[in-house]
Amino acid sequence: MSDGLQSLLASGRGGVPGLWIDCLSYARRLFLGGDDPWTDPARFVSAFTQAQQLLKSDLVDVRVENCVQSWLAGEGADLKAARRPASELKQILGDDGLRDGLLAILATLSNLARGCGGIALTVPSPRRWLRICVERIGGDLSDYLDEDNVEMCAMYVADFLRVFAESGVSVILLEEDSDPGSDPKELYQPIYNVASGYQWDVVLLVPGDVASDPGEGALAACIVDPAAFDALSDGSARGTAIPANFWSGKSAKLSIPEGADFSYVRIPEDANPELVLERLTMLRNGS
């Protein structure tokens with residue numbers, strides 16, 4: 001297991017789970033006035049540095065899906081849609097401009113990452129990429145949710161990740177689709193192979209109350225909603241995703257499941273700053 005993921009585990013932190021914080025949307029509103037940070041690496045790292053000083057995540061989280069959305073709205077706006085979603089993904093992730101832009105962002109974060117467990121690159125899972133690309137080119141997602149298309153997307157994601165071999169990444173987080181259907185993890189083998197070669201941990205984030213067991217093998221950890229946590233085995237590290245309503249003021253109490261190794265936090269864009277700090281203190285105190 002990489003130092004990045006080790007830095008989160010309750011076993012090395014006196015029994016209190018670490019915090020993996022995705023603060024991108026929140027930091028964008030708080031420190032950039034809602035401006036797009038991806039087109040200017042210097043502004044990006046400025047916002048991330050301020051957010052990290054304030055929130056103190058145990059990992060620096062960089063969300064690739066958000067970067068791709070920014071690129072498609074700007075430099076990639078003239079990209080001609082492919083006929084099939086897997087081909088669309090191939091041309092998006094294969095674009096040198098997108099890759100170089102993300103490499104520049106990661107390079108600016110290298111010093112910041114040394115102050116915590118390193119950089120986690122959050123990437124849509126192959127199955128989620130299929131949904132994103134179908135929405136771009138049109139069609140019915142169910143027509144493409146077969147093993148061949150998922151495995152093809154996994155190969156394109158794996159090729160994309162090779163670019164970041166020297167970028168300071170220590171963890172790859174695959175964000176699963178909101179409706180994953182049958183368990184798709186075994187179809188992601190090309191990604192596991194690349195991660196193993198670069199000594200990256202692969203973690204799976206499953207939204208909602210869908211249970212997904214990392215079991216033994218390629219996945220270092222799985223992150224699920226507290227309601228689905230008890231379905232996880234003890235084979236790999238187990239993370240719990242903090243629900244969105246925890247940041248709204250409507251839920252003052254949150255019970256972290258017993259046996260959770262760490263907590264994953266995605267702070268909403270419109271969250272109240274004072275409430276965010278209050279709730280992060282609660283999580284760090286285990287209350």
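A short reminder: the numbers here are calculations on the coordinates, not readings from a lab. From a predicted model like this one, the values you see are computed outputs, not experimental measurements.
Observations on the model:
- Isotropic mean projected area of the C-alpha convex hull, the stretch 3-284 (nm²): 13.8 nm²
- For the chain, DSSP calls about 0 percent of its internal beta bridges antiparallel.
- Here the sum of -39500 (n - 2.57) over DSSP H runs of 4 or more residues, divided by the residues of the chain, equals -11500 deg cm²/dmol at 222 nm, to the nearest 500.
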